[in-house]
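Structure record follows, encoded as structure tokens.
The values are calculated or read from the model by the stated rules, or taken from the named source; none is laboratory data. The shown structure was predicted, so the numbers you read here are calculated from the model rather than taken from an experiment. Every residue, glycine as well, gets a Cβ built from its backbone with ideal geometry; the counts of neighbours run over all protein chains shown. Heads up: the accessible areas ignore ligands, DNA and RNA and are worked out on the full protein's heavy atoms, side chains in. Shrake-Rupley method; radii C 1.70, N 1.55, O 1.52, S 1.80 Å.
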Amino acid sequence: MSIPESPLGVLPSTGENLITLQTHVLANERRHPGATGALSWILSAMALSTKIIADKVRRARLVDVLGSLGAENVQGEVQQKLDVISNEVLIRCLGTRSGVAIVASEEDEEPTFLRTQSDGEQRYVVLFDPLDGSSNLDVAGGVGTIFSILRHDRRSNDPEASVLQAGTEQVAAGYVLYGSSTVLVMTTGDGVQMFVLDPAVGSYLLVEERLRIPDAGKIYSLNEGNRLSLPDEYQQYLHWAQENGYSGRYVGSMVADVHRTLLKGGVFLYPPTKKAPNGKLRLMYEANPMSMLIEQAGGKSFAAKEQRMLEVGPETLHQRTPVILGSPEEVDRVRSFL
Ligand code: FDP
């Protein structure tokens, strides 16, 4: 039976039924007869944690969550109170799921080994940036949570070694944007789904089943204040883009900038600079999950002209990388200058 369309147009437009994230994940699990359910539990922990974080972000300034803690994280960056709160929320929610072997966060120097016994259960490594773009918090700008899920390699008891897998090994990746609405975008390797949190119901509802990035889009997104400190070839690309009628858009929060790029097309760039010769963004919990999403949506992501991001062999948990990602034609255009 098909369900009639909402007469007021107030329900999501995905067709016949209302699909929550939970329904979607369970339906997906049933399509894989060998699935243990561990991954579904982890995704449900991500949903719960990000609802809690969204609530804190939405009430910033009303409750005491803004401002710095006066401490620095492992990257030497000032920790905001909400960075630390979000980190704790994720670790506590994920910690109760027996399928999680290791968690690794931007906020913690070392990965945390939660379960060591090898009892045959399939376990996973979950990496995350709990609150990306947190310098936007004070001005009520868009911030987000990014996550990447890898299979736990039981052959190694060294947490760092089990974490250091190339992006091609990710089994799932996603982000939540705490913007004018709370949007969860994720992939388990079979296309990209987009959900919006309905605050009245408390559920993420599916709004787009197979998100595709436009093949091209005349938008570049980078910190143009760095222009004079970029390698010449990036400056030449910028010159070309401006001569050819491109617009610039840059929030300065990776989740917000990548989300816009995914929906509207264009290219997002964080090139090497004099200050950050290897780029600023982190490979394992920023660039890799975003690259899996972008590729699953039909886009491209590179660390350098001939270096596909997902094939970079990681050496350390917090390593940085240059980023060129977005619409396939725009990424190739940038690469043609390099
Ligand atoms: P932030 O420092 O505010 O957490 O990963 C860090 C990040 O933000 C990204 O979200 C964002 O894309 C980038 O840094 C912004 O860096 P710049 O301020 O150097 O442009």
Quiz prompt | Sequence of V63, V323, V139 from largest to smallest accessible area, 1.4 Å probe | solution = V139, V63, V323
Quiz item: Among residues other than H239 whose Cβ falls under 14 Å from its Cβ, what is the net charge (Lys/Arg +1, Asp/Glu -1)?
Solution: -2
Quiz item: When the accessible area of the chain is split by element with a 1.4 Å probe, what percent falls to carbon and sulfur?
Solution: 49 percent
Exercise. Determine the per residue accessible area of the chain with all protein chains present and a 1.4 angstrom probe, expressed in square angstrom.
Key: 45 Å²
Quiz item: In angstroms, what radius of gyration and Dmax does the chain have, counting Cα atoms only?
Solution: 19.6, 61
Quiz item: Around Q170, which amide H atoms from residues at least 5 apart in sequence, or from another chain, sit under 5 Å from its own amide H, with H modelled in the peptide plane?
Solution: none
Practice problem: Work out the charge dipole of region 216-338 with +1 on the Cβ of Lys and Arg and -1 on the Cβ of Asp and Glu about the Cα centre, then indicate which of V334, N223, I324 is farthest towards its positive end. | Solution: N223
Quiz prompt | Qualifying GluC sites (Glu not before Pro) for region 281-338 [loop in DSSP, other Cβ within 10 Å: at most 13] | solution = E306, E315
Quiz prompt | Residue-wise HN-Hα coupling along region 308-318, computed from phi with Karplus coefficients 6.51, -1.76, 1.60 (Hz; x: Gly, Pro) | solution = 5, 4, 5, 9, 5, x, x, 10, 9, 4, 9
Quiz item: About its Cα centre, what dipole magnitude does region 170-236 give when the only charges are +1 on Lys and Arg Cβ and -1 on Asp and Glu Cβ, stated in debye to the nearest 20?
Solution: 80 debye
Practice problem: Give the cross-link partners of K264 among the lysines, using a straight C-alpha distance below 29 Å as the criterion and excluding same-chain residues fewer than 8 apart. | Solution: K51, K56, K218, K280, K300, K305
Quiz item: Roughly how many Å² of I213 are accessible to a 1.4 Å probe, to the nearest 10?
Solution: 10 Å²
Quiz item: For the chain, with the dipole built from +1 on Lys and Arg beta-carbon atoms and -1 on Asp and Glu ones, taken about the Cα centre, which of L283, P199, Q236 lies farthest toward the positive end?
Solution: P199
Quiz item: How big is the gap, in Å, between the Cα center of region 286-322 and the Cα center of region 17-48?
Solution: 26 Å
Quiz item: Over the chain, what relative contact order in percent results from Cα pairs under 8 Å that are six or more residues apart?
Solution: 15 percent
Self-check item: Residue-count net charge about R335 - beta-carbon cut-off 9 Å; Lys, Arg +1, Asp, Glu -1
Solution: +1
Self-check item: Only Lys, Arg (+1) and Asp, Glu (-1) charged, at Cβ; region 199-338 dipole about Cα centre in debye
Solution: 300 debye
Exercise. Would you mind pulling out the separation of the Cα centroids of region 195-244 and region 251-270, in Å?
Key: 2 Å
Quiz item: If you place +1 on the Cβ of every Lys and Arg, -1 on the Cβ of every Asp and Glu, and leave all else neutral, what size is the dipole of the chain about its Cα centre, to the nearest 20 Debye?
Solution: 360 debye
Quiz item: Which of the aspartates and glutamates could a cross-linker span from K81 if the Cα-Cα distance has to be under 12 Å and same-chain partners fewer than 8 positions apart are dropped?
Solution: D64, E72, E107, D138
Quiz item: Tell me, what ³J(HN,Hα) does each residue in region 229-245 have, in order and in whole Hz, if you take phi through Karplus 6.51 cos²θ - 1.76 cosθ + 1.60 with θ = phi - 60° and put x for Gly and Pro?
Solution: 9, 8, x, 3, 5, 6, 5, 5, 4, 4, 4, 4, 4, 5, 5, 10, x
